[in-house]
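A quick write-up on the structure given underneath.
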Amino acid sequence: MVNGIWVLLILIGLVVSVFNGKLEAVTQSALDNAKYAVELCLGFIGIYALWLGLMKVAQESGLVSKIAEKSQRIMRLLFTGIPLRHPALGAVTMNIIANMLGLGNAATPLGIKAMKELQKLNPRKDTATDAMCMFLAINTSSVQLIPTTVIALRSAAGSSNPTEIIGTALIATICSTAVAIIAVKIMQRFF
C-alpha cells in the first residue's frame, strides 16, 4: 500500500514537471539528493558502529544484565501481567535499554522478540494484552539518554556541536514517555 502511494506521488511529480518544463530540474534534484543520501548513510556508519560496539561490550561484560536485574521492580510495576523472571520481561528490558541508548535499529530485533514473548503469555491471541500496549507505548515514546540518530544527523550536516541536543531530547522524551505510560494506565481502566 505505501509503495503504491510512493509510486503515485513520483508519477504525479514527473507528470507535473513535464507540463511545467522542469523535468531537467527534477532529474538533477533526484541525482543530487541520491548523492546526499549516500553521504548521510556513510556518516551514520561511524556513530552506529561506536554505539553498537559499546552496547556489545556492555552486554558481554554483564552490565546490561545487571541493569535489567536492577530494573525488575520498575518493570514489574509497568508490566503487571508478566510473571517474574519470564523471558518476556528480559526482552522488554533489553529493548528499552537499547532505545534509551539511541540504538533504534539495534532495538528493533529486541522489540520483535519481546512482542513474541508477550504473545506467548496472551490468552486471547487476536487481542493485545495490557503488557503489549504498555510496551508499544513505551517503545514508541522511548526515553533517549543518548539520541544517537539525531547526533549522527547533526554531525553529518556539519554541526559544530552535534551533542548539544542531548539535554533537550532527554527532557522531551521523559515527558513523552510519562504521557504514554499515563495514557495506557488510564485506558487499561476503561477497556
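For the reader, a short list of remarks on this structure follows.
- Answer residue from segment 118-164, given it is outside any helix (DSSP H, G or I) and over 25 Å from T93 (Cα atoms) and is nearest to the chain's Cα centre (by Cα) among those: A157
- Residue in segment 173-187 that is surrounded by fewer than 18 Cβ atoms within 10 Å (Cβ to Cβ) and under 15 Å from the mean Cα position of the chain (by Cα) present: yes
Yes or no, residue by residue, for (1) part of a helix (DSSP H, G or I); (2) among the β-branched types (V, I, T); (3) at pLDDT 85 or above:
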| position | (1), (2), (3) |
| --- | --- |
| Q28 | yes, no, yes |
| A34 | yes, no, yes |
| L42 | yes, no, no |
| V64 | yes, yes, no |
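- Considering V15, V38, the condition of being under 22 Å from the mean Cα position of the chain (by Cα) and either of a type outside the set (S, T, N, Q) or assigned to a helix (DSSP H, G or I) (or both) is satisfied by V38 alone.
- Boolean, L136 is hydrophobic (A, V, I, L, M, F, W, C) and at pLDDT below 90: no
- Restricting segment 95-120 to residues that are surrounded by fewer than 17 Cβ atoms within 10 Å (Cβ to Cβ) and either at pLDDT 90 or above or of a type in the set (V, I, T) (or both) leaves a set whose member that is nearest to F44 (Cα to Cα) is T108.
The values are calculated or read from the model by the stated rules, or taken from the named source; none is laboratory data. If you're wondering where the values come from, they're calculated on a predicted model, not measured in any experiment. Cβ sites come from the backbone with ideal geometry, for glycine too, and all protein chains shown count toward neighbours.
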